[in-house]
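Trainee: After the structure tokens below, expect a handful of questions from me.
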Amino acid sequence: MKKVKEWLTAYAFIAPAMAAILLISVYPLFFGVSIAFTDMNLFNFLSKEYKFVGLENFVQLLHDPEIWVLTYRTILWTVINVFLHVSLGIAFAMLLFKPWIKLKPFIRLILILPWAIPAFISIQVWHAMFNEQFGALNQLLQMVGLNPIPWLSNPVWAFVAVVMTNVWLGVPFMMMIALGGLNSIPEEIQEAALVDGASPWQMTRYIVLPLLLRTMVPAIVLGVIWTFNKFDVIYLITNGGPQTVINVFGEPRAIRATEILITKVYRTAFTYPNSWSYASAIGYVIFLVLLALSLLNMQIQRFVKE
Amino acid sequence: MALKQKPSWFEVFYTYFFLIIGCVVVLFPIYWIFTTSLRPFDILATPTLELWPKGATFSNYINIFKDPYFYSAFTNSVKISLLATALGVLLATAAAYAFSRFEFPGKKPFYYYYIVSQMFPSVVGLIPLFVIFLRVGLLSEKAFLGIPLVHWGLIIAYGAGGLAFSVWNMKGFFDAIPKELDEAAMIDGASSWTIFWKVTLPLAKPGIAITALFIFMGAWLEFVMAMTFMSNPKLYTLPLWINLSITNPFGIPWAKFAAASLIIAVPVTVLFLFLQRFLLSGLLRGAIK
């Protein structure tokens, strides 16, 4: 009886928040699934002429060569970014972790700035710096006697530009996580290794790095998920462009050079001629794949622990 | 001990060398945007990099508020962010208290929901939300209580959209307040509501302030939803104003853009530097548990 009373009190406290979450997050989540099984877009929604089409959107998705190109590119984008985030993050954390560094709090403060500045602003500043005529990067290159780079109009350089921006944004987070990890490695282990005659390099390679990487697994998984769906950097700097021609299964096709899956979802949903249903179908496939990956990862971690 | 032995000169050299390179790479964009904001001329962009602009002036910071579109974007953003924060804090505080203090069926599923919600791409969730808001009229420009309905839509979405994170984050603060205090009050005959209002809440003030700031910062520069919901520049929020100026086909108003960026970013950055450890602990509690 007392228990039921406790439940009721608890429910009274959480009811408003749960109602809001149900209406703003959970209901849309399921409603979005149902959209993926229709042919809904802005126009047939307003005239209420949209209809159920079954798996048509998903079939179309599997047969759309552009989706495969974008999937490949999204994976490439994720691997490059997460690799650079994690390796640079660990490298800077190790440099900063040395006990004899002077001005340590000050250097740390500077190095975490890209994480602290609102991403929207830093992305727009980078966007401005990539400006081919007046941007700081080309001015810097010309100052040291090099040729200016067509940052945003050349397909390869545009991809380099968005990766550069995203690496600048993402390293501090991994550095903070790595610093936390380094703090948690017991000094005794390293001392024991020293006594056994391990060189500094051996100690880093065989003791510190493996222990550190293990503590960083949750953050790396989060990093993969965030990068896979990183929308703002690409949308704001290149908007997926410039247009380029890629050979897909022997057929040349015009595809945007820096588009990834998530920017494709937005473009499909909110630019003319829009298709909410097809965009939803792509979006939910991404979500399910990421969910499966992280469940798999949880299972593997549990397995390793046991 | 052995670990604290003196480093070789080579180690000292490369350590500081790479740390300094890192600092330069981090600071360069900030330095560039700052000097740009001091340029006395708005439209005339210099094709060379100036280490310090000629005739540097702070006038851009004042003149920017004379731009009617910037001014309205600024007030719109302040209004929307504050109301979203109030809504989010109200809902999150009560729920976090229950999650910290009571045992009840449904606690675990909420935790799983929190994890899954972190994985759900927000751009994908935007589609059904757009359709729902369109249907119930939350995308219209008609005013309700003096605020356009589309702004109410953003307020609701910002305030309630990140609730799972806010609740989870705030639960940590409530967990840190000893339960013995509640029990003592209960023995004295206080009701759950009195305990919440008179005992726990006053002690949780720092946690509430931090949660409020996180919600505020999330709303302050959100652009995807704002850009999708609004087409009238008079209703724009700050990020949309910035976007408009940086993609201006008739020439980017460099100094204005730079000054506005700094006005918008500096206070939030300073706040964030104070708050980052709470964010990390909240995130990792979610990831590790």
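Trainee: Mind listing whichever residues of region A:236-267 are out of contact with any strand residue (DSSP E or B) (no Cβ under 7 Å at 6 or more places or on another chain), of a type in the set (Lys, Arg) and free of Cβ contacts under 8 Å to residues at least 40 places away in the same chain?
Mentor: Step one: filter region A:236-267 for residues out of contact with any strand residue (DSSP E or B) (no Cβ under 7 Å at 6 or more places or on another chain), giving A:236-239, A:242, A:247-251, A:258-267.
So of that shortlist, the ones also of a type in the set (Lys, Arg) come out as A:264, A:267.
A:ARG267 - this is the single residue of region A:236-267 that is out of contact with any strand residue (DSSP E or B) (no Cβ under 7 Å at 6 or more places or on another chain), of a type in the set (Lys, Arg) and free of Cβ contacts under 8 Å to residues at least 40 places away in the same chain.
Trainee: Then there's this: Take the residues in region B:137-177 that are farther than 23 Å from B:PHE223 by Cβ and among the β-branched types (Val, Ile, Thr); name whichever of them is surrounded by the fewest Cβ atoms within 10 Å (Cβ to Cβ).
Mentor: Checking each candidate, the answer is B:ILE177.
Trainee: Assess whether B:PHE65 counts as being among the aromatic types (Phe, Trp, Tyr), within 12 Å of another protein chain (Cβ to nearest Cβ) and surrounded by fewer than 23 Cβ atoms within 10 Å (Cβ to Cβ). Steps first, please.
Mentor: Numbers: among the aromatic types (Phe, Trp, Tyr): yes; within 12 Å of another protein chain (Cβ to nearest Cβ): no; surrounded by fewer than 23 Cβ atoms within 10 Å (Cβ to Cβ): yes.
Taking the combined requirement at face value, the residue does not satisfy it.
Trainee: Okay, next question. Check off (1) touching a residue at least 60 places away in the same chain (Cβ under 8 Å); (2) more than 21 Å from the chain's Cα centre (by Cα) for A:VAL82 and give me the number that stays unchecked.
Mentor: Going through the list (1) touching a residue at least 60 places away in the same chain (Cβ under 8 Å); (2) more than 21 Å from the chain's Cα centre (by Cα), A:VAL82 breaks only (2).
Trainee: With the condition being over 26 Å from A:GLN124 (Cα atoms), I'd like the helices (runs of 4 or more DSSP H) fully within region B:158-247 carrying at least 3 qualifying residues.
Mentor: Correct list: B:163-175, B:179-187, B:205-220.
Trainee: Output the residues belonging to region A:155-209 that are acidic (Asp, Glu) and within 9 Å of chain B (Cβ to nearest Cβ).
Mentor: A:GLU187, A:GLU191
Trainee: Oh, and also: Return yes or no: is B:SER281 modelled with pLDDT under 90 and not in a helix (DSSP H, G or I)?
Mentor: Working: modelled with pLDDT under 90: yes; not in a helix (DSSP H, G or I): no.
Taking the combined requirement at face value, the residue does not satisfy it.
Trainee: Please go through region A:117-155 and pick out each residue that is among the hydrophobic types (A, V, I, L, M, F, W, C), assigned to a helix (DSSP H, G or I) and free of Cβ contacts under 8 Å to residues at least 40 places away in the same chain.
Mentor: Those that are among the hydrophobic types (A, V, I, L, M, F, W, C), assigned to a helix (DSSP H, G or I) and free of Cβ contacts under 8 Å to residues at least 40 places away in the same chain: A:ILE121, A:VAL125, A:ALA128, A:MET129, A:ALA136, A:LEU137, A:LEU140, A:LEU141, A:MET143.
Trainee: Being under 30 Å from B:PRO7 (Cα atoms) and either touching a Leu at 6+ places or on another chain (Cβ under 6 Å) or among the aliphatic types (A, V, I, L, M) (or both) is true for just one of A:MET129, A:MET94. Which residue is that?
Mentor: Only one candidate qualifies: A:MET94.
Trainee: Taking region B:102-149 only, how many residues are at pLDDT below 80, of a type in the set (A, V, I, L, M, F, W, C) and within 22 Å of the chain's Cα centre (by Cα)?
Mentor: 3
Condition check ((1) over 30 Å from A:GLU49 (Cβ atoms); (2) within 10 Å of chain B (Cβ to nearest Cβ)) across all residues:
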residue: A:THR258; (1), (2): yes, no
residue: A:ILE262; (1), (2): no, yes
residue: A:THR271; (1), (2): no, no
residue: A:ALA279; (1), (2): no, yes
residue: A:MET298; (1), (2): yes, yes
residue: A:VAL304; (1), (2): yes, no
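Trainee: Quick one: count up the residues across region A:265-285 that are within 20 Å of the chain's Cα centre (by Cα) and surrounded by fewer than 21 Cβ atoms within 10 Å (Cβ to Cβ).
Mentor: Going through region A:265-285 one residue at a time, the tally reaches 2.
Trainee: Any idea which of B:LEU27, B:LEU82 is surrounded by fewer than 17 Cβ atoms within 10 Å (Cβ to Cβ), modelled with pLDDT of 85 or more and facing chain A (nearest Cβ under 8 Å)?
Mentor: B:LEU27
Trainee: Looking at A:ALA116, is it of a type in the set (A, V, I, L, M) and either closer than 30 Å to A:PRO242 by Cβ or away from chain B (no Cβ under 14 Å) (or both)?
Mentor: no
Trainee: Please give the number of the condition A:ILE101 fails out of (1) assigned to a loop (DSSP other than H, G, I, E, B); (2) surrounded by fewer than 16 Cβ atoms within 10 Å (Cβ to Cβ).
Mentor: Of the numbered conditions (1) assigned to a loop (DSSP other than H, G, I, E, B); (2) surrounded by fewer than 16 Cβ atoms within 10 Å (Cβ to Cβ), the odd one out for A:ILE101 is (2).
Trainee: Out of A:THR227, A:THR165, A:THR244, A:THR258, which single residue is within 16 Å of the chain's Cα centre (by Cα), at negative phi and not in a helix (DSSP H, G or I)?
Mentor: Details: A:THR227 fails: not in a helix (DSSP H, G or I); A:THR165 fails: not in a helix (DSSP H, G or I); A:THR244 fails: within 16 Å of the chain's Cα centre (by Cα).
Every option except A:THR258 fails the conditions.
Trainee: Additional query: Given the criteria over 30 Å from B:LYS198 (Cα atoms) and either in contact with a Lys or Arg (Cβ under 9 Å, 6 or more places away or on another chain) or not in a helix (DSSP H, G or I) (or both), does B:GLU103 qualify?
Mentor: No: the conditions fail for B:GLU103.
Trainee: Quick check on region A:27-62: of everything there that is assigned to a loop (DSSP other than H, G, I, E, B) and either basic (Lys, Arg) or within 9 Å of another protein chain (Cβ to nearest Cβ) (or both), which residue is nearest to B:ILE127 (Cα to Cα)?
Mentor: A:MET40
Trainee: Another question about this same structure. Restricting to region B:87-125, name every residue that is among the small types (Gly, Ala, Ser) and on the phi < 0 side of the Ramachandran plot. Please lay out each step first, then the result.
Mentor: Going through region B:87-125, the residues among the small types (Gly, Ala, Ser) turn out to be B:88, B:92, B:94-96, B:98, B:100, B:106, B:117, B:122, B:125.
Matches in region B:87-125: B:GLY88, B:ALA92, B:ALA94, B:ALA95, B:ALA96, B:ALA98, B:SER100, B:SER117, B:SER122, B:GLY125.
Trainee: Something else about it: Scan region B:207-215 and tell me whether some residue there is farther than 27 Å from B:PHE133 by Cβ and either free of Cβ contacts under 8 Å to residues at least 12 places away in the same chain or not aliphatic (A, V, I, L, M) (or both).
Mentor: Yes, there is a match, as at least one residue in region B:207-215 is farther than 27 Å from B:PHE133 by Cβ and either free of Cβ contacts under 8 Å to residues at least 12 places away in the same chain or not aliphatic (A, V, I, L, M) (or both).
Trainee: Okay, moving on. Just the residues that are away from chain A (no Cβ under 12 Å) and crowded, with 21+ Cβ neighbours inside 10 Å, please, taken from region B:231-255.
Mentor: Selection gives B:TYR236 alone.
The values are calculated or read from the model by the stated rules, or taken from the named source; none is laboratory data. Being a predicted model, the structure only gives us computed values, none of them experimental. Note: ideal-geometry Cβ built from the backbone for every residue, glycine included; neighbour counts use all protein chains shown.
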